[in-house]
Each structure stands twice: as C-alpha cells, then as structure tokens.
1. Of the numbered conditions (1) surrounded by 10 or more Cβ atoms within 10 Å (Cβ to Cβ); (2) modelled with pLDDT of 60 or more; (3) assigned to a loop (DSSP other than H, G, I, E, B), D27 satisfies every one except a single condition; which is it?
2. For segment 136-169, which residues satisfy the criterion of being in a loop (DSSP other than H, G, I, E, B), among the hydrophobic types (A, V, I, L, M, F, W, C) and over 19 Å from L80 (Cβ atoms)?
3. Wholly within segment 58-135, which strands (runs of 3 or more DSSP E) include no fewer than the required count, namely at least 1 residues that are at pLDDT 80 or above, in contact with a helix residue (DSSP H, G or I) (Cβ under 8 Å, 6 or more places away or on another chain) and within 30 Å of V45 (Cβ to Cβ)?
Amino acid sequence: SSVLRTADAEEKVPALTSYRLLSVDVDGQRNRDARDYSVETLVDVPPTIRWESAPESGSSAALNDALRFQLWAEDPDFGLRSVRLRTAIRDLNEGASAARANPAPIETPLRSRSAKSGVGPSVLSGAFVPAELGFQVGDEIEYWVEAVDSKEPEANVAATEKLLIVVGEPVANPSSPD
C-alpha cells in the first residue's frame, strides 16, 4: 500500500502522477485481464477569505447594537465546508482583582447567499450583538472569520485578519442583526 505524497515542501506538485491499481479476489488470485487506469492526483488548495467591510479595528460598539460585516471566501478546488465567526474577549482591566477569565472563542456558523454547496466564490454577510454573546461593557472583543474546506481527513483552514472592538454602553434604539 502506498500513501500519496507530494514532491515539494509547499505541497503543490504530487510526487507521483499515476498509479497502477491491481485487484485480487478473496483467494488472492489476480485478475489476468487487468487493465491499467490512470489516476489524476490533485493537491488540495486551502481556502481564501478576506474582509470586504467591517467596523474599523479598535472602534467602539454599543453592547446591544448589531455589529455588521461582509466578507469574501472561496475554496478554489473542492468547496467550502463551513465559514464561521469566532470571537474572544480581552479584559481591558488586566490585573484588576475582579477581572473575568477570557472564555474560549465562540463559533458562529455563517451562510452564503451567493454560492451553491460552497463551490466557487462566496460573498457572506453577518452580524452579531455583543450582549447576545455574553460580552459586557468595557470588554475588548477580538473577532475573525475562518473558512474550512472539505479536505479529508484534515481540512484546510484559512482566517481573516483579527479585528478588535470595545463594547460601549447600550443605545436606546439598537439595530437588529437580521
């Protein structure tokens, strides 16, 4: 048995370009009329993802207001499995005795309206409300989006640049994330 390997460090060129597949029956007898088949080997290219629009990094957002963004994602070969928003907090009062622990990043799946089955480029829109994710006034939220492709057994993952917002006081008339 052979493992598919690539010839270069960047994994762009397959080490072997064809394989011969032999079949045997349950008794170990080979098929005398075996045919040769060529198998094209492709290297899975990781997805690409980037912000198209998002609040300026370091800006303030009201606790109860929707933070909107738009991004572009693509997996050029086999398609995206998922695109998900990730968020985490950093306490601005580090060292204070009442500082909260930084929770594990929150993952929120996003859906595309411009591509079918994750194949081809997708323009995605999303929004989140800091209060609905458990954030508090004064929290500094680091957020980014990850695109995951359909490679098996381990998917390729690409991420946007991480952006920061500071959670401000609630507003009287907040916008909805829908």
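1. Here D27 meets the rest and fails (1).
2. Scanning segment 136-169 gives a single hit, V137.
3. The strands (runs of 3 or more DSSP E) meeting that bar are 80-91.
The values are calculated or read from the model by the stated rules, or taken from the named source; none is laboratory data. On a predicted model such as this, the values are computed, not experimentally measured, just so you know. Neighbour counts are summed over all protein chains in view; Cβ atoms, including those assigned to glycine, are modelled from backbone coordinates with ideal geometry.
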